[in-house]
Amino acid sequence: MSGYTADPRIRWTEWLPWLAAIGFFFLMPGYLSLGARILIFILFALSLDLILGYAGIITLGHSAFFGLGAYTAGALGAHTAISDPLLQLVAAAALSALLGLATGAVILRTRALTLLMLTLAITAILLEIANKWTSLTGGADGLSGVKVGEVLGMFRFDLYGKTAFFYCLAILFIGWYVVRRIVYSPYGAMLTGIRENASRMQAIGAPVYWRLVVIYAISATMAGIAGALLTQVNQFVGLNVLGLEPSGDILVMLILGGVGRLYGAFIGPVVYLIAQDYLAKQYPEYWYLGIGVLLIVVVLFARGGILGVLDRWLPFLRRASSARASAR
Amino acid sequence: MATVLETRKLCKSFGALTVADNIDFRLEAGARHALIGPNGAGKTTLVNMLMGALAPSSGSILLGGEDVTRAPQSARVRRGLGRTFQVTTLFRNLPVLDNVALGIAERDGTSTRLWKPAARHQGIRDESMAHLGALGLADDAATRVADLPYGKQRLVEIAIALGLKPKVLLLDEPAAGVPSHESELILRNLGKLPAEIAILIIEHDMDLVFRFARRITVLVQGVVLVEGTPEEIARDRRVHDVYLGEAHA
């Protein structure tokens, strides 16, 4: 899946998600806003997979960066004249990167449950700040009236969500390519080493702590971009981008799809958000029950998530979809 | 001969328990030196202090003449100090080649590169294969470490350490847990290690120690009891009493 024996060439199956997305655009024009939402959460899940699946950093606070990105884009669009979507993305990325560096430098010296609690505390603090700082964030009412200009000065966000869909798809594609490069790079191989055996990495001379801080900041940057995309697509930010709930949701999506497999981050959000959309319409009061049952089934019977099951049942996918290559 | 690793009055206590008591120890360039002693003599504690995994209570450690007493593990590794572990500490789910390549990439600075695929760093792959070949592991390069027999896993430990191009190599019980028919394999490969590397071996297998080492230090309850050639140690009355006597009683 990564490392010095993994074939880094892109396999044909790795193009399937992109073909599916373009197919979706033409076949399901009434669902483009759901589609854009799915693309955004795939980017968010990818950023989480980078630290959880590859570096082994366990977190319940990844929404801190998603939320910061969302509010950065929101505050720029609502309170300033900066309405260029790419400029907003850059600002969100920069602030999330800084927050990732600052918090990562403090918390990544800890492990396991302590780390989990610290990540949770950070997003909880941000949630409370967003809740209280109403002049900037709109507080519990949310921040509406976020102005988002044309993408590259050409493509206006339309009522049907066509621009939004392709805009999110393009950003996701870049994000995927970057993550894939990192996963297959020596840095990615080194992260796998830390996940597998941190004390051995120390013994071969790796300053493990700094390596984790760097990847944490990279992941935070991507999560921040995903958050900013959500704001731009909705032209609104609510408090639900911060705190435990979105952190838990994205973790569930990734586990559902398969952790540490790159494409688990694609399958998880698709299944989760479509199930959520369907169940919420059919059983508005009980839809979370359906999600819960789905998760229990996956954790009990499908270790490695949906991709893990496909891996076992469809041997030809083993080589291709999970990108687990054998030595050349 | 030049001293490459030295301890001066090294002490370590855990509360009232003293596990290292004024240890003065020197390792010469190219040495084949064994550290022996009964269980609980403080051998692994000494290795952990030398590596920087454990801070001494007092005293100092010099690596290549420089004081590294307070230097972190990664800094000592970069200055040429390598080790293997008593209990195999490998990347069990990774291929054998990656286990060695990760170390080489740390040594030459490749491991922080984020873009070019790892598998395209042909120099690192070639060097990994060279180390594996020298230890007779070339055919196992693509095998997951967890799927190797234990004796070969011990050799992977050594291959990783060699990939770091150490000047000093600490072998913490390289034959521990290896079935007797495989320990010959370990010894044969130890004999092939480059002569310029100074090696400190900690081992319980006396047969292996006496065949491999040219100098032996006996540690008892944190104190250096005696140091000498294998012949001197074999003749020493005190060693028989506290150590060999116990084993051969």
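The values are calculated or read from the model by the stated rules, or taken from the named source; none is laboratory data. Just so it is clear, the structure is predicted and the values come from calculations on it, not from any experiment. Every residue, glycine as well, gets a Cβ built from its backbone with ideal geometry; the counts of neighbours run over all protein chains shown.
Filter the range A:23-56 for residues that are among the small types (Gly, Ala, Ser) and in contact (Cβ under 8 Å) with a residue 24 or more places away in the chain; which is surrounded by the fewest Cβ atoms within 10 Å (Cβ to Cβ)?
By that ranking, first place goes to A:SER33.
I need a count of the residues in the range B:188-203 that are in contact with a helix residue (DSSP H, G or I) (Cβ under 9 Å, 6 or more places away or on another chain) and either under 21 Å from B:PRO38 (Cβ atoms) or surrounded by fewer than 16 Cβ atoms within 10 Å (Cβ to Cβ) (or both).
7
Six or more apart or on different chains, Cβ atoms under 8 Å: show the pairs whose first residue is in the range A:239-250 and surrounded by fewer than 20 Cβ atoms within 10 Å (Cβ to Cβ) and whose second is assigned to a loop (DSSP other than H, G, I, E, B) and among the aliphatic types (A, V, I, L, M).
A:LEU244/A:LEU60; A:GLY248/A:LEU60
Which one is nearest to B:ALA159 (Cα to Cα) among residues in the range A:156-200 that are loosely packed, with under 15 Cβ neighbours inside 10 Å and without any contact (Cβ under 8 Å) to a residue 40 or more places away in the chain?
The selected residue is A:SER199.
Here is a yes/no grid of residues against (1) more than 30 Å from A:TYR4 (Cβ to Cβ); (2) of a type outside the set (Gly, Ala, Ser); (3) in a strand (DSSP E or B):
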{"residue": "B:LEU5", "(1), (2), (3)": "yes, yes, yes"}
{"residue": "B:ARG8", "(1), (2), (3)": "yes, yes, yes"}
{"residue": "B:ILE23", "(1), (2), (3)": "yes, yes, yes"}
{"residue": "B:ALA34", "(1), (2), (3)": "yes, no, yes"}
{"residue": "B:GLY40", "(1), (2), (3)": "yes, no, no"}
{"residue": "B:LEU50", "(1), (2), (3)": "no, yes, no"}
{"residue": "B:SER60", "(1), (2), (3)": "yes, no, yes"}
{"residue": "B:ALA71", "(1), (2), (3)": "no, no, no"}
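Would you confirm whether or not the range B:136-154 contains a residue that is small (Gly, Ala, Ser), crowded, with 24+ Cβ neighbours inside 10 Å and under 19 Å from A:ASP7 (Cβ atoms)?
No: zero hits.
Are there any pairs with C-beta distances below 9 angstrom linking a residue in the range A:4-22 that is closer than 24 Å to A:TYR187 by Cβ to a residue that is exposed (fewer than 13 other Cβ atoms within 10 Å of the Cβ) and among the hydroxyl-bearing types (Ser, Thr, Tyr), with the two at least 6 apart or on different chains, and if so which?
Pairs found: A:THR5/A:SER326; A:ALA6/A:SER326; A:ASP7/A:SER326.
The rows are residues; the columns are (1) more than 29 Å from A:SER83 (Cα to Cα); (2) modelled with pLDDT of 95 or more.
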| position | (1), (2) |
| --- | --- |
| A:VAL106 | yes, yes |
| A:THR110 | yes, no |
| A:LEU113 | yes, no |
| A:LEU118 | yes, yes |
| A:ALA121 | yes, yes |
| A:LEU126 | no, yes |
| A:TRP133 | no, yes |
| A:GLY139 | no, no |
| A:GLY142 | no, no |
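Of the numbered conditions (1) away from every other protein chain (no Cβ under 14 Å); (2) among the basic types (Lys, Arg); (3) not in a helix (DSSP H, G or I), B:LYS165 fails exactly one; give the number of that condition.
With respect to (1) away from every other protein chain (no Cβ under 14 Å); (2) among the basic types (Lys, Arg); (3) not in a helix (DSSP H, G or I), B:LYS165 is out only on (1).
For the range B:128-158, which residues satisfy the criterion of being outside any helix (DSSP H, G or I) and either of a type in the set (Val, Ile, Thr) or in contact (Cβ under 8 Å) with a residue 40 or more places away in the chain (or both)?
Hits for the range B:128-158 are B:LEU135, B:GLY136, B:LEU137, B:ALA141, B:ALA142, B:THR143, B:ARG144, B:LEU148.
Given the range A:21-123, what helices (runs of 4 or more DSSP H) lie entirely inside it while holding 1 or more residues that are farther than 19 Å from A:VAL237 by Cβ?
A:32-49, A:85-107
Looking only at the range B:102-127, filter to residues that are more than 7 Å from every other protein chain (Cβ to nearest Cβ) and in a helix (DSSP H, G or I); which one of those is nearest to A:GLY193 (Cα to Cα)?
B:ILE104
Would you check if there is a residue in the range B:63-75 being closer than 24 Å to A:TYR187 by Cα and crowded, with 21+ Cβ neighbours inside 10 Å?
Taking every residue of the range B:63-75 in turn, at least one turns out to be closer than 24 Å to A:TYR187 by Cα and crowded, with 21+ Cβ neighbours inside 10 Å.
Output the residue which, of all residues in the range B:76-101 that are within 8 Å of another protein chain (Cβ to nearest Cβ) and more than 16 Å from the chain's Cα centre (by Cα), is nearest to B:LEU135 (Cα to Cα).
Only one residue tops the list, namely B:LEU97.
Are there helices (runs of 4 or more DSSP H) fully within the range A:136-237 with at least 1 residues that are of a type in the set (S, T, N, Q) and within 14 Å of chain B (Cβ to nearest Cβ)? List them.
A:186-196, A:198-203, A:208-234
May I ask you to verify whether B:THR217 is farther than 20 Å from A:TYR4 by Cα and without any contact (Cβ under 8 Å) to a residue 24 or more places away in the chain?
So B:THR217 does not fit the description; no.
Go over the candidates B:ASN22, B:ASN93, B:ASN99, B:ASN39 one by one and state the one that is within 23 Å of A:SER199 (Cα to Cα) and at pLDDT below 95.
Going through B:ASN22, B:ASN93, B:ASN99, B:ASN39 in turn, the sole match is B:ASN93.
Could you look through the range A:1-50, keep only residues that are closer than 15 Å to A:GLY257 by Cα and of a type in the set (Gly, Ala, Ser), and pick out the one that is farthest from the other protein chains (Cβ to nearest Cβ)?
A:ALA45
Exactly one condition in (1) crowded, with 22+ Cβ neighbours inside 10 Å; (2) closer than 20 Å to A:ALA45 by Cα; (3) among the small types (Gly, Ala, Ser) is false for A:ALA124; which is it?
(1)
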